[in-house]
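Beneath this line is the structure, given in structure tokens, with notes to follow.
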Amino acid sequence: MKTVNHWIGGKTVEGASGNWGQVTDPATGAVTTQVALASAEEVDAAVTVAKAAYGTWGTSSLSTRTGILFSYRALLDAHRDEIAALITAEHGKVHSDALGEVARGLEIVELACGITTQLKGELSTQVANRVDVSSIRQSLGVVAGITPFNFPAMVPMWMFPLAIACGNTFVLKPSEKDPSAANLLAELAAEAGLPDGVLNVVHGDKVAVDSLLAHPDVAAVSFVGSTPIARYIHATASANGKRVQALGGAKNHMLVLPDADLDAAADAAVSAAYGSAGERCMAISAVVAVGAIGDELVRKIRERAEKIKIGPGTDPASEMGPLITAAHRDKVASYVTGAAAQGAEVVLDGTGLRVEGYEDGHWIGLSLLDHVSTDSDAYRDEIFGPVLCVLRTETYEDGVALMNASPFGNGTAIFTRDGGAARRFQLEIEAGMVGVNVPIPVPVGYHSFGGWKDSLFGDHHIYGNDGVHFYTRGKVVTTRWPDPSDAPSGVDLGFPRNH
């Protein structure tokens, strides 16, 4: 059986706690890997190494950092398939989805390669007689990242490349459900020339998380995961004096107006709801159909959903893979089986899916629920699986009011041909990311990612300008130098004394 250990100080460090987690192949249900679960002492060892490395990395030149990051970007590009294969083996997503995840992570590495312009300060001269004021941004020290199972390569790359480019050192605690990609990312960083201790990977469960949140030498914590855990991370780390960005869950809505291209809307709904088996915080899980187009829209979504081929991620013909664990599969299925009792029409029920030759895998098919009420469990909860709810409203105003009443505010979309309606929507909707005829409005790397309300705890979004600001702190310097002509008697600097 494969063993995944920690990566500390530029080398593999065997787990010493005696606690191990199991990693399964979601397509077969077989346990393939054991992963070390760190004790508080092991977390402390990683932070100590990172703190020591910060002594030199934090004062390294920008050209040194960017040179390493350019090399790192080239290595990641050369190892795309290898990273994607690890994701498929442990998460279950199809290879094309895994490659897409790596590509989106690379965007942030590319952003970090240009950190020289992101860290430029400001200068005001002569604010008073011979007084200048400048502002600069400096690194924090040791920072930590706690990342989820659904994007085991992309989300870590949303964090540590910018953090280390800004001069910090980093301790990553990835999900113990699919840990291998994180180790490979760290190994490639070392191969690119990143000094030992700048990037460390510690695997673990709540013990490791709580140790990072409480550690006095961790200056900041980045987190992506569910809303309850995001709230806990934010409260606990903040109470310990740390800077925190904690991205939580979502219930992303797509508003479809009567004038929309229904074929385009149906295509978008299927890809956004069922891509990556719905295990993403930017999935569209609720479609709000306005007016009389609801029946036709549901028919078109069903036609497309029924054609999606579900199978192991290693099969090039597969368009959707299994869920991460059997327990998560059963939880997702429970929302579908209970939907009818709460008033929904079950248009598609994917809970009985089996894949020939892979009967023990964590399989579930695509489910489509129509006429869903806002007080049903399937609507209120973040299901995190391939379940799409359709709600009906009579007007645009009713649709926006329904969506704004949600406690989540991560991402949203509108499908319409009317520019005026789209403009109103982007101003009136209460969400951090908005798509206009774009179903999954994940910003490119040089803009920031983050939601509103219960989808984000903390003041900073992730990556982009917000990411740079999160991983640095500002300092303002006010300077007054006497004029050279005022030099003490006997000191000749070559300046005239009569001006």
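The values are calculated or read from the model by the stated rules, or taken from the named source; none is laboratory data. Since we're looking at a predicted model, the values are computed, not measured. Every residue, glycine as well, gets a Cβ built from its backbone with ideal geometry; the counts of neighbours run over all protein chains shown. Accessible surface areas use protein heavy atoms only, side chains included; no ligands, DNA or RNA. Shrake-Rupley method; radii C 1.70, N 1.55, O 1.52, S 1.80 Å.
Below, the figures for the structure above:
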{"quantity": "Extended-chain gain in nm, criterion 0.36 nm per residue less alpha-carbon gap, residue 373 and residue 438", "calculated": "20.9 nm"}
{"quantity": "Estimated distance in nm for a label pair at residue 81 and residue 110, the labels positioned 7 Å out from Cα along Cα-to-Cβ", "calculated": "2.2 nm"}
{"quantity": "Filtered chymotrypsin sites (Phe, Trp or Tyr not before Pro), the stretch 423-470: DSSP coil and at most 15 other beta carbons within 10 Å", "calculated": "446"}
{"quantity": "In the stretch 17-84, trypsin sites (Lys or Arg not before Pro) in a DSSP loop with at most 10 other beta-carbon atoms within 10 Å", "calculated": "none"}
{"quantity": "Ranked order, 206, 300 - accessible area, probe 1.4 Å, largest first", "calculated": "206, 300"}
{"quantity": "Charge dipole magnitude, Cβ of K and R +1, D and E -1 - the stretch 164-283, Cα centre, debye nearest 20", "calculated": "600 debye"}
{"quantity": "Heavy-atom accessible area ranking, 1.4 Å probe, most first, across 196, 454", "calculated": "196, 454"}
{"quantity": "Among the listed pairs 251/309; 51/177; 11/177; 11/331, those beyond 30 Å (Cα-Cα)", "calculated": "11/331"}
{"quantity": "Qualifying aspartates and glutamates (Cα of each under 18 Å from Cα of residue 475; at least 8 residues distant if same chain)", "calculated": "122, 132, 466"}
{"quantity": "Cross-link partners of residue 307 among lysines (Cα-Cα below 19 Å; sequence separation of 8 or more within a chain)", "calculated": "93"}
{"quantity": "Pair residue 479, residue 319: separation of 7 Å Cα→Cβ label points (nm)", "calculated": "6.1 nm"}
{"quantity": "Selection of trypsin sites (Lys or Arg not before Pro), the stretch 96-155, meeting DSSP coil and at most 16 other Cβ within 10 Å", "calculated": "120, 130"}
{"quantity": "Using alpha-carbon coordinates, inclination of helix 180-191 to the longest axis of the chain, degrees", "calculated": "30 degrees"}
{"quantity": "Long-range amide H partners of residue 224 with built H, under 5 Å", "calculated": "146, 247"}
{"quantity": "Ranked packing of 87-95, 34-42, most packed first, by mean Cβ within 10 Å", "calculated": "87-95, 34-42"}
{"quantity": "Estimated 222 nm signal from helices in the chain, with DSSP H stretches of n ≥ 4 weighted -39500 (n - 2.57), rounded to 500", "calculated": "-11000 deg cm²/dmol"}
{"quantity": "Residue-span extension gain [residue 126 to residue 394] - 0.36 nm each, minus C-alpha spacing", "calculated": "90.3 nm"}
{"quantity": "Rounded percent of accessible protein surface that carbon and sulfur make up, the stretch 214-280, 1.4 Å probe", "calculated": "58 percent"}
{"quantity": "DSSP-defined antiparallel bridges as percent of all bridges, the chain, nearest 5", "calculated": "40 percent"}
{"quantity": "Solvent-accessible area per residue, Å², over the chain with all protein chains present [probe radius 1.4 Å]", "calculated": "40 Å²"}
{"quantity": "Given charges at beta-carbon only (K, R positive; D, E negative), |dipole| of the stretch 66-190 in Debye", "calculated": "440 debye"}
{"quantity": "Relative contact order (percent, whole number), the chain, Cα cutoff 8 Å, 6+ residue spacing", "calculated": "18 percent"}
{"quantity": "Which of 117, 227 is most accessible, then next, and so on - probe 1.4 Å", "calculated": "117, 227"}
{"quantity": "Amide hydrogen neighbours beyond the local backbone of residue 260, cut-off 5 Å, H modeled", "calculated": "417"}
{"quantity": "Of all accessible heavy-atom area on the stretch 54-109, the percent that carbon and sulfur account for (1.4 Å)", "calculated": "61 percent"}
{"quantity": "Cα-centred dipole magnitude for the chain, charges only on beta-carbon of K, R (+1) and D, E (-1), debye, nearest 20", "calculated": "1340 debye"}
{"quantity": "Residue (of 368, 58, 179) at the positive-pole extreme of the chain, dipole from beta-carbon charges", "calculated": "58"}
{"quantity": "Approximate spin-label separation residue 267-residue 191, in nm, with each point projected 7 Å along Cα-to-Cβ", "calculated": "3.8 nm"}
{"quantity": "Gain upon complete extension [residue 2, residue 70; 0.36 nm per residue less C-alpha separation]", "calculated": "21.4 nm"}
{"quantity": "Built amide H within the under 5 Å cut-off of residue 288, gap 5+", "calculated": "254, 255, 256, 391"}
{"quantity": "Per-residue HN-Hα couplings for the stretch 442-451 [Karplus 6.51, -1.76, 1.60; θ = phi - 60°; Hz; x = Gly/Pro]", "calculated": "6, x, 5, x, 8, 10, 9, 10, x, x"}
